[in-house]
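Note sheet for the following structure.
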Amino acid sequence: MGRLTDAIKHLLIINVLFFVATSLYGDEMYRMFSLWFPLNANFELWQIISHMFMHGGLMHIVFNMYALWAFGTPLERMWGRNKFFFFYFSAGLGSALLHTAVNYYYFNEGMDALVNSGIMRSQVIEIISSGKYSPDWYNLASKSTVDNFLSAFNTPAVGASGAIYGVLVAFGMSYPNSELFLLFLPVPIKAKYFIPVLIGLDLFSGITGYAIFGSGIAHFAHVGGALIGFLMMWYWKKNQFNKNRWD
């Protein structure tokens, strides 16, 4: 792919700096810069952006940064730096929006079940804000309802994956016949087939809770980034904006 393009280079540097800082000041970095549920005391508005530069471990950042470089480079060369930045952060914001909306659904579902059983909302908020829960809650609602409720409130989102899913969609729509190889399936698959299947698997996991790629993955964040990426590409192609560089 040759030398690093400007946007990709700057995004790689910022992600690595955040990763190093997280390695040194782990809990404080996660508290300040991860994306928390808006009703959680840790939530800050800047986390809508900063969570895109946070990662949960070495392999997490390595895979994300490789995908950013591999799929983002041809897009930046086609669009230019500014348009790529705009697309990347728009997909990341869409990812955060859908992830948070789904968390609100899970939170309200769990809260309604507890309040309807006679527990005061303020009492529930006080308990979960201290990082605790009552085992009795599992007698008042299904296990999945309580688990999703607690996870929505207490588990922050980190990673560039949402924005990168938008990049994947843009790559697939711009270079549909490019052949991709999977580590566990050494057979070339065209981007126009591979990327929709990947997003479909994330959607399936998000809806069913069945962890195809492992636990701890914000599936709806991936879907949100992919959705915004698709809508932007559809709009740009319809209006021929893809032919214009913004630099």
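Tabulated data
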| quantity | calculated |
| --- | --- |
| Filter result for PHE19 (within 16 Å of PHE153 (Cα to Cα) and touching a residue at least 24 places away in the same chain (Cβ under 8 Å)) | no |
| Some residue of the stretch 126-137 being farther than 30 Å from ILE8 by Cα, touching a residue at least 12 places away in the same chain (Cβ under 8 Å) and not in a helix (DSSP H, G or I) | yes |
| Pair list, Cβ under 8 Å, 6 or more apart: the stretch 186-197 residue more than 12 Å from TYR175 (Cβ to Cβ), other residue surrounded by 13 or more Cβ atoms within 10 Å (Cβ to Cβ) | PRO188/LEU180; ILE189/LEU180; PRO196/GLY172 |
| Among (1) assigned to a helix (DSSP H, G or I); (2) farther than 20 Å from ILE14 by Cα, the one test that ALA163 misses | (2) |
| Some residue of the stretch 205-214 being among the small types (Gly, Ala, Ser) and in contact (Cβ under 8 Å) with a residue 24 or more places away in the chain | yes |
| Top-ranked residue of the stretch 20-49 - restricted to ones that are out of contact with any strand residue (DSSP E or B) (no Cβ under 8 Å at 6 or more places or on another chain) and either hydroxyl-bearing (Ser, Thr, Tyr) or within 21 Å of VAL167 (Cα to Cα) (or both), ranked as least open to solvent (accessible area, probe 1.4 Å) | THR22 |
| Candidates VAL158, VAL146, filtered to the one that is among the hydrophobic types (A, V, I, L, M, F, W, C) and either under 30 Å from ILE8 (Cα atoms) or touching a Lys or Arg at 6+ places or on another chain (Cβ under 6 Å) (or both) | VAL158 |
| Unique residue being open to solvent by 30 Å² or more (accessible area, probe 1.4 Å) and on the phi > 0 side of the Ramachandran plot when the list is GLY80, GLY118 | GLY118 |
| Whichever residue in the stretch 49-79 is at pLDDT 95 or above and small (Gly, Ala, Ser) and, among such residues, is farthest from LEU4 (Cα to Cα) | SER50 |
| Hey, SER151 within 24 Å of LEU114 (Cβ to Cβ), outside any loop (DSSP other than H, G, I, E, B) and open to solvent by 20 Å² or more (accessible area, probe 1.4 Å) or not | yes |
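Here is a yes/no grid of residues against (1) farther than 20 Å from PHE71 by Cβ; (2) in a helix (DSSP H, G or I); (3) among the small types (Gly, Ala, Ser); (4) modelled with pLDDT under 80:
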| position | (1), (2), (3), (4) |
| --- | --- |
| VAL167 | no, yes, no, no |
| PRO188 | no, no, no, no |
| GLY200 | no, yes, yes, no |
| GLY214 | yes, no, yes, yes |
| HIS222 | no, yes, no, no |
| ARG245 | no, no, no, yes |
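The values are calculated or read from the model by the stated rules, or taken from the named source; none is laboratory data. Model, not experiment: these values are computed from the prediction. Cβ: placed from backbone, ideal geometry, glycine included. Neighbour counts: every protein chain shown. Calculation scope for accessible area: heavy atoms of the full protein, side chains included, ligands and nucleic acids excluded. Shrake-Rupley method; radii C 1.70, N 1.55, O 1.52, S 1.80 Å.
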